[in-house]
Every structure is written in structure tokens, then in C-alpha cells.
Amino acid sequence: MQREQVPAVDTTSRSIEEIATTILHRAGLQRHIY
Amino acid sequence: MSITLHVVALGIDPDCVALREGLETIRAGCTHRAQRMGEELAAAGIADAYAGAMKFVTSARLISRTHFARFLVEGGHARDTRDCFRRYLVRGKPGYVAHAWATLAQAIGWIHAAGGHGYSRIRDDTRSTGRCASCSPEFRDTGGDAIEVVSGSHTPAQYTEFARYARVFGMLASSGSDFHGPGESWADLGDTPPLPAGVTPVLERLVSLPAPRTVFFVSDRTGITAEMLGNSLLSQFEGLNFQRRTIPFVDTRTRSTMCCAGSTRRRRPRAGVRWSSASIVDEIMSAQLGRANAMVLDLFQVFIAPLEAELAAKSSHAAGRSHGIANSHEYFARMEAINFTQAHDDGATTRDLAKAQVILIGVPALRQDRQPRFTSRLQFGILTANFPLTPDDFVDRKLPRSIVPFRRQALRPDHRPRAFAADPRGPPPGQPIRRLSPIANSRSAKPHR
């Protein structure tokens with residue numbers, strides 16, 4: 001993954017919500033709360 | 001083969017609706033099973049077993065195998081109840097009828113719903129099977145709080161083994177005689193040895209916990225907003241136990257009146273006040289709820305007035321703005337995102353991958369158990385694709401060809417889609433490894449590579 005330069009997230013000690021929020025934050029995506 | 005565990009709930013609210021409804025389904029099944037047991041025993045030459053067992057029943061809805069055993073012993077078909085179970089009432093014997101008990105997740109869920117500190121005490125037939133199914137990760141992960149370390153059906157060696165298990169995994173310990181009646185049990189009352197040292201007795205924790213408080217989330221629409229904000233507030237009180245109940249669609253004054261009446265009729269919990277988190281737009285209904293037999297925090301009215309003052313504008317006072325279909329463009333965009341994510345889950349297709357805003361590559365720790373929940377969390381209108389890596393991808397040490405174009409785009413910060421993967425470097429020193437190995441993904445379907 002590093003060689004392919006794909007961004008990575010350590011998921012080991014994070015909750016589902018923390019992982020999802022991390023990805024959206026780093027991708028610059030806006031979460032739409034409905 | 002499935003394993004049956006006996007789970008005992010302690011410190012529960014007996015009025016809990018979820019618990020009562022769950023138990024009702026089991027009790028209804030018990031009666032049906034007993035009738036079938038009577039038929040099976042009749043086929044084996046023992047007539048009127050159901051009627052005979054009913055003579056030993058104190059509650060007609062709780063007839064069990066033990067009552068049949070007493071009838072059979074009385075009729076001379078077995079020496080004692082243990083002999084009776086061996087000959088007639090266990091799997092493979094003529095009087096045995098399987099029963100659809102609750103799943104472990106259901107049972108633990110009911111217990112926790114009935115007060116949040118429903119400790120489960122377990123007993124399984126360790127003497128005959130030589131293993132303790134309750135000492136399984138499933139029981140722990142499902143939320144089981146305690147294991148029965150000492151029991152009339154355990155051996156002394158198992159006391160030590162189960163005590164060690166309780167200490168290692170931080171579970172509470174219980175002790176029980178497994179007494180069913182004089183002369184019927186492994187141990188008589190008073191013969192049970194004390195718990196081994198170093199374990200925390202479940203009763204000790206039980207008496208130190210406060211009684212549960214009932215919390216209603218009342219809303220004129222779905223209740224999702226009230227639940228989210230209310231649960232965030234409750235999470236700040238870790239030492240307390242809450243029994244949560246959501247009452248959605250309280251959108252007429254009649255329903256709000258009924259809601260108040262229902263709150264008043266319910267038996268007041270031991271701890272005193274009940275607490276209600278309301279999200280009601282209509283001011284009259286909101287005022288009605290304020291007169292309920294509860295402390296009421298109106299999440300809507302608390303914030304609207306200061307916001308109106310700050311923004312110098314009147315709010316629309318319209319219900320269903322957050323989770324309704326009022327904004328059709330956003331609503332259908334969300335539906336499209338859900339459809340897209342379902343269609344692109346598990347590498348099912350590479351069509352339209354260019355539309356994806358996030359592509360999950362590999363993520364072995366999220367595969368299988370956490371992936372669906374993860375995807376749903378990411379489902380706030382985000383077009384998400386999930387592309388699993390399998391062992392053959394690691395042989396080539398290259399990304400699958402269908403992903404490569406999007407990897408390049410991902411490197412440009414102002415362009416979408418972006419690709420993310422679980423960190424392949426592993427956890428920091430000292431952290432347990434929870435992720436699955438890539439080998440675990442070998443059965444993943446990826447028809448379009």
C-alpha cells in the first residue's frame with residue numbers, strides 16, 4: 001500500500017464511527033446528517 | 001451442533017417491555033413443546049405424560065422437562081430424575097423435543113434492556129460435556145457479564161479453571177447449587193462451596209449499582225434526533241443505569257396526552273424520577289409533555305428560542321425536517337448513495353467506480369463482521385465502494401488493475417475518488433492484533449477484477 005501510495009488508516013484500536021469520520025475528514029468529504 | 005446455555009438475569013426491571021415480550025415468546029413455545037413431548041412419550045408407550053407432568057406444574061406456562069421427569073419417576077419409568085433425563089429427555093431419546101430458545105444475543109439484549117445491569121449467570125452441562133460453552137468469546141462479546149464459577153454441576157477442577165477465566169477476562173463470578181428439588185440435584189442446598197479467591201462475586205456488584213432509571217425519547221417524528229442527543233448526554237453518566245424507550249410520532253395532541261398518561265401509569269422506578277428527552281416542535285404538545293410525571297428536557301425548545309434571537313428570524317416550526325423526505329433532492333441523493341454502496345460492496349462490480357467518493361481497498365480488519373456497520377456509518381450520502389484484496393493480489397504485490405486508475409486520482413488532493421486501506425504496518429507495540437489475516441479473505445467473491 002505504501003508503494004502504491006494509497007492512504008491508510010490504522011483500524012486496530014478505533015471504533016467504526018472513528019474510522020468513518022477519519023476517512024471522511026481526510027478525504028475532505030462532507031457528511032450529510034439526515 | 002448448537003449449544004444451549006442457561007442465562008440468569010439479575011437486577012432487572014421486571015416491567016421492561018422488551019424483556020417481557022421476549023419471555024412471552026419463549027413461554028408460548030414451552031407449552032407447545034410440552035404437548036409434543038407428551039405425544040412422543042405416548043408413541044414410546046407412556047400414555048398421558050403431558051397431563052401427568054401438568055400435575056407437578058405451579059405455573060401452567062412454565063412446564064419443563066423436570067416436570068415430565070417427576071411424572072415418569074412417579075410412574076416407575078425411571079429410578080430418579082437424573083436417570084429419567086438420561087433415558088427419556090435428552091437429545092436422541094424418545095421424549096426429547098427440541099425447543100427454539102432465544103439466541104444468546106437476544107437473551108443478553110433483553111437483560112441489558114431491562115435495566116442495563118442485568119448480570120447473566122450461566123450454567124451449562126460441563127460435567128457431561130467436559131467444556132464450558134459460556135467460557136467462549138461469543139458469550140463475552142455478546143455482552144455476558146458473569147460466569148458461574150461454582151455450581152453443583154461443576155467439578156472442583158472446573159471451579160479453578162472457571163475462576164481463572166473470570167479473572168483473566170474481567171468477568172464477574174457467581175455460585176449456585178443447581179438445586180431443583182430434594183434428592184433431584186447434584187448438590188443439596190447449603191452444600192455449595194464458596195467462590196475461589198480473587199474473583200468478584202456478581203451479587204457484590206449488583207447491590208452496589210443504583211436501580212435503573214427509565215428514559216423516554218419522545219418525538220413528533222422518528223425520534224432519531226432525540227435518541228442521538230439524549231444518548232450523548234446519558235453517556236456522560238457512566239455509573240448509572242438507564243432503561244431507554246423511544247416513543248416516535250407523537251404528532252397529535254391526543255397522542256401527547258396518551259404519552260403523558262402512559263408515563264404516569266408506569267410504576268415509578270426505585271431510584272425516583274424518570275427522565276424524558278423530547279423533540280417536539282408543537283409548543284402546546286411540548287407544554288403537555290412538560291406536565292408528565294417526569295423530568296422533561298425539550299431538546300427542540302431549549303435551542304430554538306436563543307437561535308431565533310441570534311438569527312433575528314422565526315423558525316419554521318415544522319416537524320420532520322431532519323429525517324423526513326422534506327428535501328427531496330437530498331433524500332434521493334442519499335437513496336442513490338445507499339444503492340451505489342450496496343451494488344459496489346465486496347467487489348461485486350467495478351462499473352461506475354469513477355463515481356465513488358470513497359473506495360475501501362482491502363481493509364482486512366473491517367471485513368466480515370464490521371464491514372456492514374462501517375459502510376452504514378459512512379452512508380451519510382457518501383458513494384462508497386468496497387473492494388476486497390485477496391491472497392492472489394498480494395502475490396503480485398500490485399493493486400488490482402481495475403483499481404489502479406483511481407489510485408492515481410486519489411493522489412491528487414482535489415480530485416475524487418480517493419482510496420483508503422487498513423494500515424498494513426500493523427498495530428503499535430503493545431496493542432493487540434484484532435485484524436484478520438489476508439488469508440481470511442480467500443473466499444471473498446470478486447468476479448470483476
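The values are calculated or read from the model by the stated rules, or taken from the named source; none is laboratory data. Bear in mind that the values here come from a model prediction, so they are computed numbers and not experimental data. Heads up, the Cβs are rebuilt from the backbone with ideal geometry, glycines too, and the neighbour counts pull from every protein chain shown.
A few remarks follow.
- Any hit, the range B:38-61, residues being under 34 Å from the mean Cα position of the chain (by Cα), modelled with pLDDT under 90 and buried (at least 18 other Cβ atoms within 10 Å of the Cβ): no
- Test: residue B:175 is among the hydroxyl-bearing types (Ser, Thr, Tyr), under 26 Å from the mean Cα position of the chain (by Cα) and within 30 Å of residue B:73 (Cα to Cα): yes
- Cβ-Cβ contacts under 6 Å between residues 6 or more apart (or on different chains), taken from a first residue in the range A:12-34 that is within 17 Å of residue B:383 (Cβ to Cβ) to a second residue that is part of a helix (DSSP H, G or I) and modelled with pLDDT of 75 or more, are listed as A:31/A:24; A:34/B:334.
- Among the residues of the range B:144-171, those identified as farther than 22 Å from residue B:112 by Cβ, out of contact with any Gly (no Cβ under 8 Å at 6 or more places or on another chain) and among the hydrophobic types (A, V, I, L, M, F, W, C) are B:157, B:162, B:168.
- Residue check for residue B:28: more than 35 Å from the chain's Cα centre (by Cα), farther than 19 Å from residue B:183 by Cβ and of a type outside the set (S, T, N, Q): no
- Output for the range B:34-55, where each listed residue is free of Cβ contacts under 8 Å to residues at least 12 places away in the same chain and assigned to a loop (DSSP other than H, G, I, E, B): B:45, B:47, B:48
- From the options B:58, B:66, B:25, B:31, residue that is among the hydroxyl-bearing types (Ser, Thr, Tyr), under 24 Å from residue B:102 (Cβ atoms) and outside any helix (DSSP H, G or I): B:58
- All of B:383, B:399, B:389 fail the test of being within 17 Å of residue A:4 (Cα to Cα), modelled with pLDDT of 75 or more, within 11 Å of chain A (Cβ to nearest Cβ) and under 35 Å from the mean Cα position of the chain (by Cα), apart from B:389.
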